[in-house]
Amino acid sequence: MLIPDWLTKNARQFPDKTALVDLFSGRRVSYSALNERASRFAEYMRDRWQVKAGDRIAVLAHSSTDYVEMLYGCAKLGAVMICLNWRLAVEELKGVLEDCKPEALVWGEEFDAAGLALSAAFRFERRMVTGAPREGIAGYEAALGEMSGAVIEMPWRREEDVWYMLYTAGTTGKPKGVLQTWGMAHVNAVNNIVHAELTRRDVMLSVLPYFHTGGLNLYMNPMLMLGGTTLIMRQFDVEQTMNLLEKEATVFFGVPAIYLFLSQHPRFAAADFSRVRGWAAGGAPVPKTLLEQYLAKGVTICFGFGMTETGPTVFLTDEATARKKVGTVGKPVMYVEGKVVDVQTRKPVGPGERGEMLLRGPGITPGYWNKPEATAKAFQDGWLCTGDIAYVDEDGDFYIVDRSKDMYISGGENVYPAEVENVIFQMEGVAEVAVIGVHDDKWGEVGKAIVALKPGAQVTADQIIAHCQSRLARFKAPRYVVFVPAVPRNAAGKMDKPTLRQQYGSGS
């Protein structure tokens, strides 16, 4: 399969249509302007930096129209863009750069201190900042202005050609660079166009960071393939999101934390979301009570599942299934096959039985950058081993139970924290909750619930434990409860379980 330069094609067909709106700067970029600016960036890299196909270009910046121009500029040359996680510390970013060894570093002026520190540490000669140029460092706008503006059309890419690279969160070790190919981008776009029913007339509100697969592909890249419009939010802002969902956006994708924050907004009960025709969520389990809260407003959140390694979409429910079976991720999307196997025997399990979910299809990464052993370990007979515990019902619909690494064993019984979290979240006054396993001399491990309450709420640890014991097997109920102002989350909006284990991992 060969993939064309869809940006150039849409610039020819819809030159004046708005492709992107930068909500921070107010800039509106048409398809023709986006194609020209991406070409200017490609021309600068080619002629001033002598960047060649396969060279890596690291970018540390917030989501913006500039970021998208850089992404598509790299595409035109065949350079591989490294989308750096701006939430990492400088020392962590050094580890990423040491791994991928980029030819150039570009940073947003908001990350000037980090950009200068990394630039000095690696002695980059090719450097750029989105602000004004300075000695030895190019300025983004000035650099684009120096170029001819002639369109550079990307040659048709093979599906295995790498476009950009995203680093995993590193929760199971050092971050790994996940190769993102043109085949992955194309298949993900088709899967989302089919299952989210995206159209060229849609206006997508993009709130997830662009160093994350959800930010780039749910649904910014598919919208650019379609010829639609994407509103880019620099960082998630609940007030601005409320306003845009009421007045401008027609499709929206958010992680559970975003839906939680919106539901806690004072205007949520009276908000009119009728113009938004497509709602979707993924990234972590969504509490059933939260989904039901939106259903009561006439909003059906179609829950899905994906990974950095899968481009990301592998599941996305339709509205009928989302209403009928609250909590399911549905069946695998068009270009994905899935199955659940016993964790020990690796044999397929029957309906309702829990095991590890395996996936395969053309939208899955070919592997990790410079890590053949990790790549080999991730795949089993051509199937990606997700590390997620799931089960399939009699209708073939999948349910994600939890991450296998988050599961703990209490008295010989498996406990899946997401199940316990769902029960605790049902309590009036609970805003957020995370459950981890901690050591216990008698049972091996027991549960500890880390809970954030809504303002003014009065809930005790004993009430939470009793609530769980009345609704779950006793071994699943947490032994300990800790109250915190807010549950820490990582850049993808998921609860930061490694940090929680580090801070609250003792059995008290």
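Results for (1) of a type in the set (K, R); (2) part of a helix (DSSP H, G or I); (3) touching a Pro at 6+ places or on another chain (Cβ under 8 Å), shown as yes or no for each residue.
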{"residue": "L205", "(1), (2), (3)": "no, no, no"}
{"residue": "P209", "(1), (2), (3)": "no, no, no"}
{"residue": "G215", "(1), (2), (3)": "no, yes, yes"}
{"residue": "Y219", "(1), (2), (3)": "no, yes, no"}
{"residue": "L224", "(1), (2), (3)": "no, yes, no"}
{"residue": "R234", "(1), (2), (3)": "yes, no, no"}
{"residue": "T241", "(1), (2), (3)": "no, yes, no"}
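Of all residues in segment 35-90, how many are at pLDDT below 95 and touching a strand residue (DSSP E or B) at 6+ places or on another chain (Cβ under 7 Å)? Number satisfying all stated conditions: 2.
Residue pairs whose Cβ atoms lie under 6 Å apart, separated by 6 or more positions or on different chains, with the first residue in segment 400-414 and over 16 Å from G387 (Cβ atoms) and the second assigned to a loop (DSSP other than H, G, I, E, B), are S410/W443; G411/W443. The one condition from (1) touching a His at 6+ places or on another chain (Cβ under 9 Å); (2) polar (S, T, N, Q); (3) surrounded by fewer than 16 Cβ atoms within 10 Å (Cβ to Cβ) that S148 does not meet is (1). Among the strands (runs of 3 or more DSSP E) confined to segment 386-445, the ones with at least 2 residues that are of a type in the set (A, V, I, L, M) and either within 25 Å of Q293 (Cα to Cα) or more than 25 Å from the chain's Cα centre (by Cα) (or both) are located at 398-403, 430-440. Restricting attention to segment 406-420, does a residue exist that is crowded, with 21+ Cβ neighbours inside 10 Å and modelled with pLDDT of 90 or more? Yes: one or more hits. Look at F268 and say whether it is surrounded by fewer than 18 Cβ atoms within 10 Å (Cβ to Cβ) and outside the structural domain of M427 (by TED's automatic domain parsing). In short, yes. Please verify whether segment 77-91 includes one or more residues that are among the hydrophobic types (A, V, I, L, M, F, W, C), in a helix (DSSP H, G or I) and assigned by TED's automatic domain parsing to the domain that holds L118. Yes; the residues of segment 77-91 include at least one that is among the hydrophobic types (A, V, I, L, M, F, W, C), in a helix (DSSP H, G or I) and assigned by TED's automatic domain parsing to the domain that holds L118.
For segment 285-306, check the following and say yes or no: at least one residue is more than 20 Å from the chain's Cα centre (by Cα) and under 17 Å from T365 (Cβ atoms). No, the conditions are met nowhere in segment 285-306. Filtered by the rule that a residue be surrounded by 14 or more Cβ atoms within 10 Å (Cβ to Cβ) and part of a helix (DSSP H, G or I), segment 106-140 gives E110, F111, D112, A114, G115, L116, A117, L118, S119, A121, F122, Y140. Scanning segment 371-378 turns up one or more residues that are surrounded by 19 or more Cβ atoms within 10 Å (Cβ to Cβ) and under 23 Å from G282 (Cα atoms). Does at least one position in segment 391-400 carry a residue that is more than 30 Å from V481 (Cβ to Cβ) and in contact with a Leu (Cβ under 8 Å, 6 or more places away or on another chain)? No, there is no match, as no residue in segment 391-400 is more than 30 Å from V481 (Cβ to Cβ) and in contact with a Leu (Cβ under 8 Å, 6 or more places away or on another chain).
For every residue, the table says whether it meets (1) in contact with a Cys (Cβ under 8 Å, 6 or more places away or on another chain); (2) assigned by TED's automatic domain parsing to the domain that holds K494; (3) among the charged types (D, E, K, R).
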| position | (1), (2), (3) |
| --- | --- |
| Y391 | no, no, no |
| P417 | no, yes, no |
| I424 | yes, yes, no |
| D441 | no, yes, yes |
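The single residue among L2, L93 that is free of Cβ contacts under 8 Å to residues at least 40 places away in the same chain, farther than 18 Å from Y140 by Cα and among the aliphatic types (A, V, I, L, M) turns out to be L93.
The residues in segment 41-50 that are surrounded by 23 or more Cβ atoms within 10 Å (Cβ to Cβ) and either in contact with an Asp or Glu (Cβ under 9 Å, 6 or more places away or on another chain) or of a type in the set (S, T, N, Q) (or both) can be counted, and the count is 2.
The values are calculated or read from the model by the stated rules, or taken from the named source; none is laboratory data. Treat the numbers as computed from the prediction; the structure is a model and nothing was measured. Cβ: placed from backbone, ideal geometry, glycine included. Neighbour counts: every protein chain shown.
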